[in-house]
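First comes the structure, then the notes that go with it.
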Amino acid sequence: HSPEGAVAELKRVAGRGHRGAIISPFEFRCSDPAWDPFWGAAEAAGLPISFHIGHGTSQVKIVPQSWELAAFAAVGPMQLDEPLAMMIFSGALERHPRLRLVLAESGVGWLPYFVRRLDQTAAKHVPNARDYRLQAKPSEIFRRQVFATFEEEPLGPSLLPLLGPDNFMWAADYPHPDSTFPHSREAVAEAFAGLDAAFVEQVTATNCARLYGFEPTGTGEGRAAS
């Protein structure tokens, strides 16, 4: 309900041992300078901040047992494009270089195009900006500070290598109804078909472990399905 309230809650959960926090980018304007104390608090606490899909559409509604639910499920992940662009171009991420932003359930497919699009628009428009001018390229900020998660990625073998393994995390999304469980191994095999074992290990286990500060256990095969 306010930056001050969010900062207080963030500090409270950090003190309770939480490894991350989530805030809806559709309930406030994330580029507003009034929220800089929140980004600073997250950076200081070392807590990654997640933006989750849900809402963000102006026409399609979430209507169970309707065609609209299928339509929303198709476009929902891409609605995180606006918050991501705002966090980058407003300087919220650049001013807080140790802040980590997670795009939860965003999928991967649209991101290689979008990250390159951000660089193109930055080259054209940032030099003329009178409020904030990025010092780094958007793609550099993305690689340094942004993670995206996905459950199923039919074009994964073609698209994941375009941005590399460093910024992505696979999830089963259990126990939600769209979870890949109990067929998570099949989902992993499809999303990473033909990619080497080190790539798969990083996206299914290592990135998450490093981001949230814990160590996975067991063999690589076991971790890929966890």
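A few comments on the model shown:
- Result for the chain in a Gaussian network model with C-alpha springs under 10 Å: among E153, E94, E68, the largest mean-square fluctuation is at E68.
- Fraction of alpha-carbon pairs over 32 Å apart in the chain - percent: 20 percent
- Dipole of the chain [Lys/Arg +1, Asp/Glu -1 at C-beta], most positive-end residue of P3, P177, A205: P3
- Residue among F72, F147, F38 with the largest mean-square fluctuation in a Gaussian network model of the chain, springs linking Cα atoms under 10 Å: F72
- Each part reduced to its alpha carbon centroid, the stretch 1-24 and the stretch 153-172 end up 29 Å apart.
- Each peptide in 84-91, 161-168, 16-23 gets a packing score, the mean of other Cβ atoms within 10 Å over its residues, and the list from highest to lowest is 84-91, 161-168, 16-23.
- One chain, two ends: L69 and E215. Fully extended at 0.36 nm per residue, the span grows by 48.8 nm beyond their Cα-Cα distance.
- Charged side chains reduced to their Cβ positions (Lys and Arg at +1, Asp and Glu at -1) give the stretch 3-113 a dipole of some 380 debye around its Cα centre.
- Largest GNM mean-square fluctuation among W110, W39, W170, using the chain with Cα springs under 10 Å: W110.
- Relative to the Cα centre, the charge distribution of the chain, modelled as +1 at Lys and Arg Cβ and -1 at Asp and Glu Cβ, gives a dipole magnitude of about 780 debye.
- Cα gyration tensor shape of the stretch 16-125, rounded if a/c is under 1.5, else prolate or oblate by comparing a/b with b/c: oblate
- Shape analysis of the stretch 94-176 based on the Cα gyration tensor places the equivalent ellipsoid semi-axes at 27, 15, 10 Å, largest first.
- Taking amide H as placed 1.01 Å from N in the peptide plane, V102 has its amide H under 5 Å from the amide H of I49, S50, F51, F147, each at least 5 places away in sequence or on another chain.
- For the stretch 142-181, the fraction of C-alpha pairs farther apart than 14 angstrom is 51 percent.
- Within a straight-line Cα-Cα reach of under 27 Å, K137 can be paired with the following lysines, leaving aside sequence neighbours fewer than 8 residues apart in one chain: K124.
- A simple spin-label model places the labels of L155 and A85 1.9 nm from each other, with each point 7 Å out along Cα-to-Cβ.
- Charge-dipole axis of the stretch 63-177 as Lys and Arg at +1 and Asp and Glu at -1 on Cβ define it, positive-most pick from N167, Q135, A85: Q135
- Carbon and sulfur %, accessible surface of the stretch 149-188 computed with the full protein complex present, 1.4 Å: 60 percent
The values are calculated or read from the model by the stated rules, or taken from the named source; none is laboratory data. These numbers were taken from a predicted model, which means no experiment stands behind them. Using ideal geometry, Cβ is built from the backbone for each residue, glycine included, and neighbour counts are taken over all protein chains shown. Note: accessible area is taken over every heavy atom of the protein model, side chains too, but ligands, DNA and RNA are not part of it. Shrake-Rupley method; radii C 1.70, N 1.55, O 1.52, S 1.80 Å.
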